[in-house]
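Scroll down for the structure; my scribbles are underneath it.
The values are calculated or read from the model by the stated rules, or taken from the named source; none is laboratory data. Just so you know, these numbers come straight off a predicted model, no measurement behind them. Here the Cβ positions follow ideal geometry from the backbone for every residue, glycine too, while neighbour counts run over all protein chains shown.
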Amino acid sequence: MKKLPDMNRRLILKAGAAAAASTSLGGVAWAQGAAGTLTMGVISQQTGTFAYAGELVERGARLALEEVGSTVLGRKINLIIRDDEGKPASGVRKLTEAVASDKLKYFGGNFSSAVGLAELEVAQQEKVLQYAAGGSEDFTGARCSPYTFQWSAHPYTALRTTLEYVRKTMPDKKKIYTLTADYAFGQSLLHYAKVAAQELGFELVGNANHPSGERQYTQYFTKALSTRPDIICLLTAGADAVSAVRQFNSFGAKNIQVVGPWTLEVEQLRELTPQMRSGMILGLNYYQDIDTPANKKFVERYIAAHKSVPSYAAAYGYDSFRTILMAMNKAKSVEVDAVIKTLEGMKFDSIFGPTSIDPRTHQTVRPYYVVECKTPDAVKSEFDLARIVAQGDKPQPAEYSECKRKV
């Protein structure tokens, strides 16, 4: 599987030097300031392929803070927001500036795997805690770190859950062609698409990699259809996935099932016509209809505040902040080492229901969901786009784990 290159140490040192001369901050971060204030920040993408995510992560984080009166253990919490631009170098610079200038101790918001993995190196060097949401297995795999926790499901869990549902409900569809985003996120999905396909008896008949920001997919789908697949499996996300679905619809290949194991959220689904999204099967880290007390409370408060339903980015901001606040209260400390020890193996009630954190890999052990997009005549409102049809939480098999960290 293709791996993201290790972070260039010179880039980190350069960013640190720049931080010393700058007071510009960026991201979801918490730092201990004057008079016992904790400065929390969201470092997240507000421009580029995942431009929509930054504001949504912030919305979720603010709701979590409001629930505790923006205080923890007697300290007032100050939230700062910065744009990582979807660029690893920018994320590293903003994070390093925050550590140097504001004594940042906790951060999150990195919606891009490439950015989050670059920031992982800084977090480990500076001994600050990162709660990530990117889709790469490297967060809990080859580059697992004592200072990084992963909120999103493992790519294996996502692919296995989604394809298992397809296998059970569409037993005649066996041949899969994959379209993959050619960066850490997409390549992780492709790796586990191969693993899950072998486990479930699918045949992978081909793959095409596309760069981030691709707008012309005709060439990829022309090649894909020549292999006569039963399923087009989209291993891409954000604006790229919207463009791909729109263009695939122009082919009129009604007998081919479109499956997106980690592809479209509510925001992107609303960019498609009901006819374009009808019948698609998607894997999701989060959907507003999750039936738990904590999620119902979250959805109710989110709708009241924003006149919209929450999706992946907002849920991540809310649940990750809520989890860290719970760990601080349980540890009776805001010190990073104490919070890490508390999070490792912690069992708690999240928006998913009973949840835990793997003490070695720092993977949040939680369900992954499969939804089927509704037909136009079944849609009852602008947010009634799909229904949950399955969920699963099967973890990555131990033999595939590349995390060598010992607890």
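Table for the structure above
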{"quantity": "Residue match in the range 368-383 (condition: out of contact with any strand residue (DSSP E or B) (no Cβ under 6 Å at 6 or more places or on another chain), farther than 25 Å from R62 by Cα, without any contact (Cβ under 8 Å) to a residue 60 or more places away in the chain and polar (S, T, N, Q))", "calculated": "yes"}
{"quantity": "Those residues of the range 28-54 which are surrounded by fewer than 22 Cβ atoms within 10 Å (Cβ to Cβ), modelled with pLDDT of 80 or more and in a helix (DSSP H, G or I), in sequence order", "calculated": "G36"}
{"quantity": "Pairs where the first residue, in the range 42-53, is in contact (Cβ under 8 Å) with a residue 12 or more places away in the chain and aromatic (F, W, Y) and the second is surrounded by 24 or more Cβ atoms within 10 Å (Cβ to Cβ) and not in a loop (DSSP other than H, G, I, E, B), C-beta under 6 Å, 6+ apart", "calculated": "F50/G238"}
{"quantity": "The one condition in (1) surrounded by fewer than 23 Cβ atoms within 10 Å (Cβ to Cβ); (2) over 17 Å from the mean Cα position of the chain (by Cα); (3) of a type in the set (S, T, Y) that T178 fails to fulfil", "calculated": "(1)"}
{"quantity": "Lone unmet requirement of (1) small (G, A, S); (2) over 24 Å from A132 (Cβ atoms); (3) in contact (Cβ under 8 Å) with a residue 60 or more places away in the chain; (4) not assigned by TED's automatic domain parsing to the domain that holds P229 for S320", "calculated": "(2)"}
{"quantity": "Only listed residue being in contact with a helix residue (DSSP H, G or I) (Cβ under 9 Å, 6 or more places away or on another chain), surrounded by fewer than 24 Cβ atoms within 10 Å (Cβ to Cβ) and small (G, A, S), chosen from A89, A118", "calculated": "A89"}
{"quantity": "All positions within the range 305-339 that are over 30 Å from E267 (Cβ atoms) and among the basic types (K, R)", "calculated": "K330, K332"}
{"quantity": "Subset tally (residues that are crowded, with 16+ Cβ neighbours inside 10 Å and without any contact (Cβ under 8 Å) to a residue 60 or more places away in the chain) for the range 272-297", "calculated": "4"}
